[in-house]
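Participant: Please see the structure below; I have some questions.
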Amino acid sequence: MRSASVVVVAAAFGVACSGTSRHEESVAPPSAQRTLHVLVSGSGSVRSPQVSCTSDCTASVPSGMAVHLEAVPSAGASFKGWTGACSGTGACDLQLDADLEVRAEFASVRPPPTPGNFMLTVSSDGGGKGRLTSEPDGIDCPDACALDLAPGTKVTMTPSPTWGSRFTLWSGDVCNGTGTCAFTMEADHHVVATFVPVPANHPQYAVTQIAPAVGEDSRPAAMNDAGQVVGNSSSGPWVYDSRTGTVRRLSAPGESRRFVASGIAANGDVAGYELRGSTRRAVLLTARGEVVDLASGTGSSSTANVVNAAGRVAGDWLTPDGEYHAFVLDSGVFNDLGTLGGIESLAFAMNERGQVTGQAQLASGPRHAFLWDGKLHDLGSLGGNFSRGQAVNRLGQVAGMSTLTPGDDDLIHAVVWDGFAMRDLGTLPGLPWVSATGINDAGVVVGNVYNKLYADPDADPDEPPNAHYDSRAYVFREGVMWDLNELIPDLHVRLRTSLGINDAGQILCSEGQVDQERAHAFVLTPR
């Protein structure tokens, strides 16, 4: 929440009369001003005639002024006391002869436990601020910091730092370290989350919001080195130019065909597909306004996923044998990339040299990241049965993701393959699942970090699993992984997904989850 500012000004006016009936108006000099800084933690407010505050507020008052502050807890909370210029739990009376700071702390009133149940209590520590929430619902601290739970209940805690803070550590009697805080209620438990201020020398990004230009029902797909963003909406695909703020609609008025955009080249050409009932046909939507059908010879279903400035297109097609294979279309020549011995391959990215990365199945079943440069190369994994390349720069460096062990196909880390080996980029505290979605020629990587909160409670065995995640966009630069929400102005939104980064260092993000139908787009530009 932004700080509120309340100003109280006193001015005195006097009138003097001379013997010549001439009137002069004189203004007394204003008195010196003092600043009162009020900080509130927990669920409650501080009130006085000079200031009303629920978070972080300042008031400027005349020097020497008396100020009376009262702490008012919200429903379900209690006032724990003052610190700073006041102490105790009564009213706070101050004489503003100097700048002063006062802090008011409120805490949730712990409900009486149900007989036979266990009590979960949570709190925060450190110099930063944040919220703690639980699955199942019930904890939303600092407003609700205690929960009565039945024995055997499985609990997952999620830390959400406020703007200007970051989560660093779990502690307490059941969670420790920086990984996922998940446990079973077999006794009373207490969880502590440490939040600290973001370092003052952190990287900074300016933010451009795209939704006002392209529409609220839009979703971004990709960005090129010129800062042009391609995306989709109910009225068809669009291209937004972050340099000029202009929008180019790719579906002409009255167009009955339905196109979906996937990638954009440096020259503004767009790769995608046309939806025809249940089938897809790969297309190229050129910067000149042409629609080029690429589906000839690509089977019953195909998609164009990426295109480079040389006009090479990479995508996927359904073979006559019913297998999905990656393909490259170059100067009208169709090239099936094949597999690594299995039955499937998928193309995700291509650089200006025509190198392609994605995933392909091995004869033994696992799916590995590949790099294609005329030949399919297995990039291996971090030890698990799955890896995928999702971006490739001009140097042939591949960014993507990989599982860690053969016995766990769930836990995933972001990786970079540098031409020799696959490197693990690590994680952010409390967010153990990480994928990389973009890498530029400077080696700066972007992607998404996740914490799986809980599985779909009504999972259909005939449908793909639908787990619920807390996700955030990140950038990995100079050996450090940063939550991008820490590096931008306070927009009161969360950047959940990074879709790519260009060689100017611009990052395409959205506030939606991966593949969410509607997700507002943002372009971040380094300052």
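Participant: Scan (1) more than 30 Å from residue 432 (Cβ to Cβ); (2) in contact with an Asp or Glu (Cβ under 7 Å, 6 or more places away or on another chain); (3) in a strand (DSSP E or B); (4) of a type outside the set (A, V, I, L, M) for the single condition residue 113 breaks and write down its number.
Facilitator: In the conditions (1) more than 30 Å from residue 432 (Cβ to Cβ); (2) in contact with an Asp or Glu (Cβ under 7 Å, 6 or more places away or on another chain); (3) in a strand (DSSP E or B); (4) of a type outside the set (A, V, I, L, M), residue 113 misses (3) alone.
Participant: For residues that are within 27 Å of the chain's Cα centre (by Cα) and farther than 13 Å from residue 326 by Cβ, tally how many sit in segment 369-389.
Facilitator: 5
Participant: Does segment 252-267 hold any residues that are in a loop (DSSP other than H, G, I, E, B) and touching a strand residue (DSSP E or B) at 6+ places or on another chain (Cβ under 6 Å), and which are they?
Facilitator: Of everything in segment 252-267, those that are in a loop (DSSP other than H, G, I, E, B) and touching a strand residue (DSSP E or B) at 6+ places or on another chain (Cβ under 6 Å) turn out to be 257, 265.
Participant: Can you tell me which residue in segment 201-249 is surrounded by the fewest Cβ atoms within 10 Å (Cβ to Cβ), limited to those that are of a type in the set (Ser, Thr, Tyr) and closer than 20 Å to residue 268 by Cβ?
Facilitator: For segment 201-249, the residue satisfying everything is 244.
Participant: Right, another one. Within segment 241-268, count every residue that is free of Cβ contacts under 8 Å to residues at least 40 places away in the same chain, of a type outside the set (Lys, Arg) and within 16 Å of residue 501 (Cα to Cα).
Facilitator: Residues that pass the stated criteria total 1.
Participant: Also, quick follow-up: Any residue that is buried (at least 17 other Cβ atoms within 10 Å of the Cβ), closer than 23 Å to residue 486 by Cα and touching a Cys at 6+ places or on another chain (Cβ under 6 Å) - is there at least one of those in segment 151-171?
Facilitator: There is at least one residue in segment 151-171 that is buried (at least 17 other Cβ atoms within 10 Å of the Cβ), closer than 23 Å to residue 486 by Cα and touching a Cys at 6+ places or on another chain (Cβ under 6 Å).
Participant: If you scan segment 116-165, which residues turn out to be assigned to a loop (DSSP other than H, G, I, E, B) and farther than 22 Å from residue 80 by Cβ?
Facilitator: Listed by number, the residues that qualify are 116, 117, 136, 137, 150, 151, 152, 153, 163, 164.
Participant: Determine which member of the set 63, 74, 52, 41 is within 30 Å of residue 112 (Cβ to Cβ) and surrounded by fewer than 17 Cβ atoms within 10 Å (Cβ to Cβ). Before the answer, list the steps.
Facilitator: On the way: 63 fails: within 30 Å of residue 112 (Cβ to Cβ); 52 fails: within 30 Å of residue 112 (Cβ to Cβ); 41 fails: surrounded by fewer than 17 Cβ atoms within 10 Å (Cβ to Cβ).
On inspection, the qualifying residue turns out to be 74.
Participant: Whether any residue in segment 108-115 is surrounded by fewer than 18 Cβ atoms within 10 Å (Cβ to Cβ) and in contact (Cβ under 8 Å) with a residue 60 or more places away in the chain is what I want to check.
Facilitator: There is no residue in segment 108-115 that is surrounded by fewer than 18 Cβ atoms within 10 Å (Cβ to Cβ) and in contact (Cβ under 8 Å) with a residue 60 or more places away in the chain.
Participant: If you scan segment 471-527, which residues turn out to be of a type in the set (Ser, Thr, Tyr) and closer than 15 Å to residue 211 by Cα?
Facilitator: 510
Participant: Now for a different question. Do any residues in segment 361-372 that are in contact (Cβ under 8 Å) with a residue 24 or more places away in the chain and farther than 15 Å from residue 405 by Cα have Cβ atoms under 8 Å from those of residues that are outside any strand (DSSP E or B) and of a type in the set (A, V, I, L, M, F, W, C), where the two are at least six apart or on different chains, and which pairs are they?
Facilitator: Once the first residue is in contact (Cβ under 8 Å) with a residue 24 or more places away in the chain and farther than 15 Å from residue 405 by Cα and sits in segment 361-372, its partners that are outside any strand (DSSP E or B) and of a type in the set (A, V, I, L, M, F, W, C) give 369/379; 370/379; 371/379.
Participant: Hey, any hits in segment 270-291 for a residue that's part of a loop (DSSP other than H, G, I, E, B), of a type in the set (Asp, Glu) and within 13 Å of residue 313 (Cα to Cα)?
Facilitator: no
Participant: Then there's this: Looking at segment 324-363, which of the residues that are outside any strand (DSSP E or B) and at pLDDT 95 or above is surrounded by the fewest Cβ atoms within 10 Å (Cβ to Cβ)? Give the derivation first.
Facilitator: At the first step, the residues of segment 324-363 found to be outside any strand (DSSP E or B) are 331-332, 339, 351-355, 363.
Imposing the further condition that a residue be at pLDDT 95 or above reduces the set to 339, 351-355, 363.
Details: 339: 21, 351: 23, 352: 16, 353: 15, 354: 15, 355: 24, 363: 10.
Looking at the filtered set, the residue picked out is 363.
To keep it simple, each residue is scored yes or no on (1) at pLDDT 95 or above; (2) under 17 Å from residue 389 (Cα atoms); (3) within 19 Å of the chain's Cα centre (by Cα); (4) assigned to a helix (DSSP H, G or I).
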| site | (1), (2), (3), (4) |
| --- | --- |
| 461 | no, no, no, no |
| 466 | no, no, no, no |
| 471 | no, no, yes, no |
| 485 | no, no, yes, yes |
| 499 | yes, yes, yes, no |
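Participant: Of the residues 166, 103, which single one is in contact with a Phe, Trp or Tyr (Cβ under 9 Å, 6 or more places away or on another chain) and in the same structural domain as residue 65 (by TED's automatic domain parsing)?
Facilitator: Only one candidate qualifies: 103.
Participant: Here is a follow-up. Name every residue in segment 33-78 that is of a type in the set (Val, Ile, Thr) and assigned to a strand (DSSP E or B), in order of residue number.
Facilitator: 35, 38, 40, 46, 58, 61, 67, 72
Participant: Something else about it: Go through the residues of segment 321-335 one by one and say whether even a single one is closer than 21 Å to residue 417 by Cα, among the acidic types (Asp, Glu) and touching a strand residue (DSSP E or B) at 6+ places or on another chain (Cβ under 7 Å).
Facilitator: no
Participant: Checking residue 294 against (1) more than 32 Å from the chain's Cα centre (by Cα); (2) surrounded by 23 or more Cβ atoms within 10 Å (Cβ to Cβ); (3) at pLDDT 95 or above: exactly one of these is not met. Which one?
Facilitator: (3)
Participant: Can you tell me which residues in segment 410-438 are closer than 23 Å to residue 196 by Cβ and surrounded by 23 or more Cβ atoms within 10 Å (Cβ to Cβ)?
Facilitator: Within segment 410-438, 430, 431, 434 qualify.
Participant: Out of the residues in segment 376-405 that are assigned to a loop (DSSP other than H, G, I, E, B) and in contact with a Pro (Cβ under 8 Å, 6 or more places away or on another chain), which is surrounded by the most Cβ atoms within 10 Å (Cβ to Cβ)?
Facilitator: 381
Residue by residue, here is whether (1) touching a Pro at 6+ places or on another chain (Cβ under 9 Å); (2) of a type in the set (Gly, Ala, Ser) holds:
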{"residue": "143", "(1), (2)": "no, no"}
{"residue": "146", "(1), (2)": "yes, yes"}
{"residue": "149", "(1), (2)": "yes, no"}
{"residue": "152", "(1), (2)": "no, yes"}
{"residue": "161", "(1), (2)": "no, no"}
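Participant: Please go through segment 177-197 and pick out each residue that is surrounded by 13 or more Cβ atoms within 10 Å (Cβ to Cβ), at pLDDT 90 or above and not in a strand (DSSP E or B).
Facilitator: Hits for segment 177-197 are 185, 188.
The values are calculated or read from the model by the stated rules, or taken from the named source; none is laboratory data. This is a predicted model, so every value here is computed, not measured. Note that we place each Cβ from the backbone using ideal geometry, even for glycine, and neighbour counts take in every protein chain shown.
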